[in-house]
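Since the structure comes first, as structure tokens, the remarks are kept for the end.
The values are calculated or read from the model by the stated rules, or taken from the named source; none is laboratory data. Small disclaimer: the values here were computed from a predicted structure and weren't measured. Here Cβ is always computed from backbone atoms with ideal geometry, including for glycine, and neighbour counts include all displayed protein chains. Surface accessibility is based on the protein's heavy atoms, side chains included, excluding ligands, DNA and RNA. Shrake-Rupley method; radii C 1.70, N 1.55, O 1.52, S 1.80 Å.
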Amino acid sequence: MEFPFDVDALLPERITVLDQHLRPPARRPGTTTPARVDLQQQIMTIVDELGKASAKAQHLPAPITSASRMQSNRHVMYVLKDTSARPAGKGAIIGFLKVGYKKLFVLDDREAHNEVEPLCILDFYIHESVQRHGHGRELFQYMLQKERVEPHQLAIDRPSQKLLKFLNKHYNLETTVPQVNNFVIFEGFFAHQHRAPAPSLRATRHSRAAAVDPLPAAPARKLPPKRAEGDIKPYSSSDREFLKVAVEPPWPLNRAPRRATPPAHPPPRSSSLGNSPERGPLRPFVPEQELLRSLRLCPPHPTARLLLATDPGGSPAQRRRTSSLPRSDESRY
């Protein structure tokens, strides 16, 4: 990939490592140094053009590599330069590889969730005109040595079929562990992260004690047989013994009240705020005639007998003589 400026002078090494600062590498001795701002702008142009070419090759709707993304994330970009071809004395770019550490939740072989932060392959591109010439393997191997990782320890973000074939051909990465996200990991990813936990001292002590003097197992506790549904009664005999017998009220309150026949059309209730709803009698209703009859039949109190005996006007004979007079004579008195 060619550019209008001198790529060979901008990137002195064959493989240049760029971080989020996108600073130009150290200049060779004896070469002229242009303005620092111009060099950084040229590097940003290279990163943007490489991102567009990679998105076009992978049929992506938008580039996933750009200068702005590099500045906002702690990613590392390995840029491979062509040192042999020098069109117009300006040099060319072969491809790039972008990596970065990400915190992921991945599934292992037992489908258990694990929180890891591996080195991820985020973007990988080699120009179509120089593919199948070993440039991709050279760039990938340089990255592995620089980051000090093994191929099976990497996580690849949405790899293409070409990248999967590349990893299978050069690094024998074939069996993948299924994931629910877009990252792909291969068999052996958890080999260096999960080890068999050592038994604790307490567990070892208990295991040795059980081997020397094993305790007999406790006998199983027998539960009472379950009662059939038909034997269950609503009340137990003990509850019935403590039931209180209702005491009959004294006469005449023990008589059942006469139930009045409700009217066919009850009177409408008043909706005024001053009226209160009617309440029923709190005690059993006794008719007036029955009450008077009971009072006549009741024997007089001893005190009442004494008063009647001492009062001549209150004697029964006097009451009878008074009641026998005609109505006109009674009015005189």
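Key figures for this structure:
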| read-out | value |
| --- | --- |
| Flagged links, alpha-carbon separation over 23 Å, of LYS56/LYS81; LYS56/LYS102; LYS56/LYS146; LYS56/LYS165; LYS52/LYS81; LYS102/LYS146 | LYS56/LYS102; LYS56/LYS146 |
| Sites ARG74 and HIS133 - FRET efficiency at Förster radius 22 Å, r taken between beta-carbons, to 0.05 | 0.10 |
| Förster radius 51 Å - calculated FRET efficiency between ALA26 and HIS113 (Cβ-Cβ, nearest 0.05) | 0.70 |
| Average accessible surface area per residue within segment 36-132, 1.4 Å rolling probe, Å² | 54 Å² |
| Computed magnitude of the charge dipole of segment 90-131 (debye, nearest 20; Cβ of K, R +1, Cβ of D, E -1) | 320 debye |
